[in-house]
1. Can you give the calculated 222 nm mean residue ellipticity of the chain, where each DSSP H run of n ≥ 4 adds -39,500 (n - 2.57) and the sum is split over every residue, rounded to the nearest 500 deg cm²/dmol?
2. In what order, largest first, do 130, 621, 153 sit by accessible area if the probe radius is 1.4 Å?
3. What ranking of 408, 215 comes out by heavy-atom accessible area, probe 1.4 Å, highest first?
4. If amide H atoms are built 1.01 Å from N in the plane of the peptide, which residues on other chains or at least 5 residues away come under 5 Å of the amide H of residue 532?
5. Across every pair of different alpha-carbon atoms, what Kirkwood hydrodynamic radius in Å does the range 74-168 reach?
6. With both partners inside the range 327-475, how many of the DSSP beta bridges are antiparallel, as a percent to the nearest 5?
7. May I ask you to compute the full-extension gain from residue 165 to residue 88, defined as 0.36 nm times their residue separation minus their alpha-carbon distance, rounded to one decimal in nm?
8. Using only the heavy atoms of the protein chains and a 1.4 Å probe, how would 394, 108 rank by accessible area, largest first?
Amino acid sequence: MKRILHFTLLITFCLAATAHAQNLALGQWKVHLPFNKVKSVAEAGNKIYCASERGLFYYDRNDNTVNGLSKIDGLSELTVNNLAWSADFNTLIIAYSNANIDLIKNNKIINIPDIKRKNLTGDKSIYNIEVRGNLAYLSCGFGIVVIDLDKTEIRDTYIIGPLGSSIKVFDIAFYGSDIYAATESGIFRAFENDPNLADYSVWTKVVDDLGNLGDFNQIEFFNNKLIANYAKPNAASANSLDDFYIYDGISWTSPPPPPFVNASAKNYTFRNSHGQLLITNNYSVRIYDSNFNQVQYIDNAIYQDPLPRDAITDAQGVIWLADNEQGLVRFTSTLIPQYIYPDGPLSELVSASSVVHKRLWITHGTRTAGWFNFYTPGNFSSFIQGDWKTYNNKTLPNSGFNIDSYYDNMSLAIDPSDPDHVFIGSKVQGLLEMQNGLPIAAYRETNSTLQVGIGNPTQCQVVGMNFDQSGNLWVLNSLAAKPLSALSPDGTWRAFSIPGIPGAPLLGDLTVDSYGQKWINVIGNNAPLGTGLAVFSDNGTLDDKTDDAARFFSTGIGKGNLPSTDIRAITEDHDNEIWLGTGKGVAVIYSPASVLTSQNYDAQQILIKQDGINQYLLESEVVTAIAVDGANRKWIGTESGGVFLMSPDGTEQIRNFNELNSPLLSNYILTISIDQETGDVYFGTNKGLISYRGDAIEGTGGCSDILVYPNPVRPAYDGPIAIRGLVPNGSVKITDVSGNIVYETKSNGALATWNGKNFNGEKVHTGVYLVFSSDDDGSNTCVTKLLFIN
């Protein structure tokens, strides 16, 4: 089966200039992925394609641009294992980690999912691709698959193991009239034009596997010889003991290490490229001429911290190296490295995210239901004015702080009064304070009220954080006797016990509501299922502990009525209601102001009708994230169902995005953050970050800087027309210059959209149209105009 898609490049970055945020249209997507981990490279005419762990990109030598490709552009998957190029058929072959295959041919994407869908219990990995004429030979975990590049379909499959058994084929090469396969069981040979290559009996083992000590994982034709690599099980250690085998047309030999062998390295690729042999190992690239004389050696003396995985040369002698941390590295004759990859964070991990005044920050920890420690090195990133920056010891080498030691960063808080003032929470090292992109302070038990964990004295576990309306930063401190601390704007720290929660519990999320109450996810000793929800109030008196109050929510009527004690998200909406994401759907606390004084404090579930059946909202889903947009609508993330956009009261589903119906990277959502000034909704998934230009923005209470885009609306444009800066959630009327109403709607926050059609569904005529926006009583009114060309 084949799926064919036309694609356009939506992500383009220029090396010569700073990349800036594109003006996305409503409903458009944008990926924010780390393209720096490159493991395969292929020359395709004037383009150099690179396979990365989180997508595909190419460098265009004509205009010096870097172009990222992803599911937004029609690619079928995310993680690319390897690539190959057929010049004869103008086709790029893309093999993904799950054995799916895409062909990019004449600006069309053709999907060949046969191997992915093949019912095999063993290894389906595609280890290498060799192009020969109109055929692409795929070395797979079960045998060899042949793709006809002319017909764009699978032509044949060769299972070559003894008695027709499946064996791992890592690479193939052609020599004379024969085809050679490097496998886990040795090197096999068959006559290339044998009509029965699918018959295992025509394949002869010509080199044994040396008693299953390792695998033949590379084989390449060079200078009228075959060169094969034999990797032993300890190949990843400091001394790999890789062996080389050479076939000269008469015999296979394993001579003493020749000049081009490095026995202390793990060899990744052999490449016959423009008359040179390139051998890439785990720390260097060696290049040899046709007489096996080393003509170039690239290691850490040439560029810092090399992690090469593949390398080729081009006709001009330029070396193109795939580095597993630094992207595509280009070397000319000067051997000065040029690092090339699309802009993005340097990690796909997203454990927390937040946006204030168009400044997005994310932490790169491993976030689980129980907020467990995984000791992920300290990394976090910002996305400001279209530029990504990742913060770690490498990017800030002289900061005075060992950022990498801030393991398991799972929370962050942006100062609402100063969006360049940010706090990062680590479950190991406490709290890190950033100002204008630089760390300025670190807090632990020695200089704050934060405490080390009881029973775990080496760790200061900071989890959820949130600012209140007075500018106090409230910090949850897991496994501490006083688990709640407040940092005031004047630098004063205060610690609080939580009445009703004894001991030193495991804690998770924290939200401060408009009444100053702190809502806390209590994991307790029931991780990862959780024990429930706590609300705490200091009653606005930080220094008077006598009026502190708290209440605990659990399951059962009269006890909080939670659908589940597994609390994953806590969010306040524009009506000051508290929305909870739980292990069994959504619950709402409609009167949070009275929960500490009333006996009726139970949470409520939202009853909806689906397929004629009454049921609770998302009751079969684990709800992991909830964010509120400018129209008070709820963006709800789940553990397996993707994202749901619900009406303000939660009774109407407006949209559902998942892996099948959208470019969403994964159905497992970890975080959702909304830029209320642009409408961009950022989804942090277990496979990385992606954003969607939503159709709601927050207003300021009246008309402000009204903008219509596009304006004018030209005949070729068929997308939504956006009008922003309107009266929040007001009525919107669009009229012609004679005052005839052609369209009417309500704004989502301060933004409304129009499809350019009248009430009859017809495109309006060419002319000037007026947009009127007002609130219900007409006290706030604004007007603007647009030119429509049809």
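The values are calculated or read from the model by the stated rules, or taken from the named source; none is laboratory data. Only a predicted model underlies this, so the values are computations on that prediction, with no experimental measurement involved. Don't worry about glycine lacking a Cβ; one is built from the backbone with ideal geometry, like all the others, and counts go over all protein chains shown. Each accessible area value is taken on the protein alone, full model and side chains, heavy atoms only, with ligands, DNA and RNA left out. Shrake-Rupley method; radii C 1.70, N 1.55, O 1.52, S 1.80 Å.
1. Calculated mean residue ellipticity at 222 nm is 0 deg cm²/dmol.
2. Putting 130, 621, 153 in descending order of accessible area: 153, 130, 621.
3. Working: 408 0, 215 55 Å².
Sorted by accessible area, descending: 215, 408.
4. 522, 567
5. By the Kirkwood definition, the hydrodynamic radius is 13.3 Å.
6. 95 percent
7. The span from residue 165 to residue 88 would gain 24.3 nm if fully extended.
8. Details: 394 115, 108 80 Å².
So, going from the largest accessible area down, we get 394, 108.
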